[in-house]
Amino acid sequence: FRRVLFRSNTDDLFAKYLSFGLIMGIILQAILNICVVIGLVPVTGVTLSPSSIAMYEKALQLLPETALLQLSLAHALLESSEEKNTASRAIGLLQKAQIKQPTPLGWQLLARAYDIAGNRAASLYAAAEFSYSIGNLYAAEKQLQQAEKLSKDNAIKLKIKDLQERVKEEIAENEAVY
């Protein structure tokens, strides 16, 4: 700290700006932390505004087949509202995105959207896909067992069976290696 203060007394303009920037960064961070502790500033972030969703929608109109934009818009929709109709719209976007470019985040958001929409079996299936995609095979196996018990839709049942087979095969391969 003394070196930073020492640099503020020098004739070197770069050293002065650097020391000023470092000192101000530390001071501002300390003020922000104090404000959070005493309750002047919220601990969590601010939710997305409707204008940000409109911007995502405009970008998706310009590039309608972009999986990342579909995923981003669905994420923004889920963060902005916990309503079933919003969740249904996010589900449609996420399903398209996951077909084009499956990602762990896509499965995680899909699980959340299905849960908001009230489809617990599909939510557990998507959570199992997420767990499988990050390599957590035992969690995926448990989620699939729960989804199988709740499942009434034949399409979901078929997806559950398929993923159960993939999980069991991979668990068997991992056990054979060790």
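The values are calculated or read from the model by the stated rules, or taken from the named source; none is laboratory data. What you see is a predicted model; the values in this text were computed from it and never measured. All Cβ positions, even for glycine, are placed from backbone atoms using ideal geometry, and neighbour counts span all protein chains on display. Ligands, DNA and RNA are stripped out before the accessible areas are found, and what is left, the full protein with its side chains, is counted by its heavy atoms. Shrake-Rupley method; radii C 1.70, N 1.55, O 1.52, S 1.80 Å.
Estimated at 0.36 nm per residue, the fully extended path between residue 20 and residue 150 surpasses their Cα-Cα distance by 40.7 nm.
Across the range 14-89, C-alpha contacts under 8 Å between residues 6 or more apart give a mean separation that, scaled by the residue count, equals a relative contact order of 22 percent. Over the chain, what is the mean sequence separation of C-alpha contacts under 8 Å (at least six apart), divided by residue count, expressed as relative contact order in percent? 11 percent.
The charge dipole of the range 55-138, taken about its Cα centre with unit charges on the Cβ atoms of Lys, Arg (+1), Asp and Glu (-1) only, comes to about 120 debye.
Legend: distances between Cα atoms for 84/161; 58/161; 58/84; 84/168; 58/142; pairs beyond 32 Å are 58/161; 84/168; 58/142. A 1.4 Å probe over all protein chains sorts 167, 41 by accessible area into 41, 167, starting with the largest.
For residue 20, the accessible area of its heavy atoms, probed at 1.4 Å with every protein chain present, is near 130 square angstrom. The Cα-based radius of gyration of the chain, divided by its Kirkwood radius, gives an Rg/Rh of 1.21. Could you check how much of the accessible area of the range 85-164 is carbon and sulfur, as a whole percent, using a 1.4 Å probe? Within the range 85-164, the accessible surface is 53 percent carbon and sulfur. When peptides 55-64, 75-84 are sorted by average Cβ neighbour count within 10 Å, with the highest value leading, the order is 75-84, 55-64. Residues in the range 159-174 carry Karplus couplings, in order, of 5, 4, 4, 4, 5, 4, 5, 4, 5, 4, 4, 5, 4, 4, 5, 5 Hz; the curve used is 6.51 cos²θ - 1.76 cosθ + 1.60 with θ = phi - 60°, and Gly or Pro positions show x. Once the C-beta distance of residue 68 and residue 175 is scaled by a Förster radius of 30 Å, the resulting FRET efficiency is 0.25 to the nearest 0.05.
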